[in-house]
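Following: one structure in structure tokens, then a few remarks.
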Amino acid sequence: MAGAIRRGRWVAKGRKKIMSTNRQWGTALAALLVGLVPVSAQAEFPERRVEIVVPWTAGGSTGAHVQLMSKRLEEVLGTDIVVRNLAGAAGTIGAAEVANSDPDGYTLLATPAGPTTIQPHLRQLPYDLEDFDVICRYTNNPFVFMVAEDSEYKTMEEFIAAAKASPGEMSYATAGVGTLPHIVGLAIGEGFDAELLHLPTSSSADSMRALLGGQVTSMPETVDHLARYDARGLAVTTPERLEDYPDIPTLRELGVDAVFNHWQALYVPAGTPADVQKTLADACEAAFEDEKIVKGMEAMNSRISVLTGEELQKFAQDESELNRKLLVSAGLLEE
């Protein structure tokens, strides 16, 4: 079946190359036509409202971040910002709509990395990472592998020992197949050579309820969950121990060289003019330097980490390749 999926993806990519070629010709023609218009008649970006698509249901952290930043973006850009939730299929419905929008900077995608650096590897989609330009990463929160506070497992060593003694019985919950927490769980299982049972739910809130209710044994999620729920962290996915949780060891300390972060970013369709991308990136940087935005993110236990430009493009590509390798190692994708 995986082979069929790969063939399907190859055909899909062929169609996308044709579409990309047509888009490039269209962009070139538009550039020529613009050259015929007097400079005084060319409008500066933005000249109308900008829409940010959040490919998740309302109430999640992504939407909360975007709602928080949108007011400041309006001030910096001098135009209205409209936030639209377009949920479904693990974030890929909203991502697909933005990927196929006009590359003019008026339609953006705000999402964690799952829909752009994981889902395109797992199944045939009308887009992949190359159909986007990444404008601005604005959060980068570490993951914690956690158990309920009343769990019998006090350390990661105890948890892994139990997992090796009962292969396939120690479970972890995530918000779905192909999400970033799923990738973290795969890396932990592979790194410790332990067979863990993945139990996907419909959301991180459902996963937490399953953990606290005793339906699952563990859960990889962002560090802010430790402050909000009765959970105990066994390991963090950072290079060094977290200042707020100095007693939780890193995976590297435990012998697994794995570093993961739940990062969120703004994207535009590939081919969006460079000057428009810079305007948006500069606006994003300015928004997250604002004191109100900083305090709002701190209140949500979200860590601001702004990255733009070529360094961000490389970061996204590297993350996509790492996720592909983990999916192959887990047997969810052919080499």
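In a fully extended conformation the segment linking residue 247 and residue 318 would gain 22.6 nm over its present Cα-Cα distance, using 0.36 nm per residue.
By the helix-only formula, in which each DSSP H run with n ≥ 4 contributes -39500 (n - 2.57) and the sum is divided by residues, the chain has a 222 nm mean residue ellipticity of -13500 deg cm²/dmol. Long hydrophobic helices in the chain: the complete DSSP H runs spanning 27 Å or more by Cα along their own axis with mean Kyte-Doolittle hydropathy of at least -1.0 are 2-35, 309-329. For the stretch 286-335, the square roots a ≥ b ≥ c of the C-alpha gyration tensor eigenvalues yield an a/c of 1.5 or more together with a/b not exceeding b/c, which makes the shape oblate. Only protein atoms count toward the accessible area here, which uses a 1.4 Å probe; on the chain, the carbon and sulfur part of that area reaches 52 percent.
What is the calculated FRET efficiency for residue 291 to residue 71, with r their C-beta to C-beta distance and R₀ = 22 Å, to the nearest 0.05? Computed FRET efficiency for residue 291 and residue 71: 0.95.
In plain terms, the chain from residue 49 to residue 227 could stretch by 60.4 nm, reckoned as 0.36 nm per residue minus the Cα-Cα distance. When 84, 209, 252 are compared by accessible area at a 1.4 angstrom probe, the order from most to least is 209, 252, 84. Taking a sphere under 14 Å around the Cβ of residue 80 and counting the other residues whose Cβ falls inside, with K and R at +1 and D and E at -1, yields a net charge of +1.
Pairs of C-alpha atoms in the stretch 121-262 farther apart than 26 Å represent 22 percent of all such pairs. Between residue 205 and residue 57, full extension at 0.36 nm per residue minus the direct alpha carbon distance yields a gain of 52.0 nm. What number, in percent, do you get for the relative contact order of the chain if the mean sequence gap of Cα pairs under 8 Å and at least 6 apart is divided by its residue count? That works out to 24 percent.
So what is the relative contact order of the stretch 184-320, in percent, for Cα pairs below 8 Å that sit 6 or more residues apart? 16 percent. Simple spin-label estimate for residue 275 and residue 301 gives 4.5 nm between the two label positions (7 Å along the Cα-to-Cβ direction from each Cα). The order of 202, 70 by accessible area, most exposed first and with a 1.4 Å probe, is 202, 70. Rolling a 1.4 Å probe over the heavy atoms of the protein chains gives the chain an accessible area of 48 Å² per residue.
The values are calculated or read from the model by the stated rules, or taken from the named source; none is laboratory data. From a predicted model like this one, the values you see are computed outputs, not experimental measurements. Heads up, the Cβs are rebuilt from the backbone with ideal geometry, glycines too, and the neighbour counts pull from every protein chain shown. Quick note on the areas: whole protein, heavy atoms, side chains included, nothing else; ligands and nucleic acids left out. Shrake-Rupley method; radii C 1.70, N 1.55, O 1.52, S 1.80 Å.
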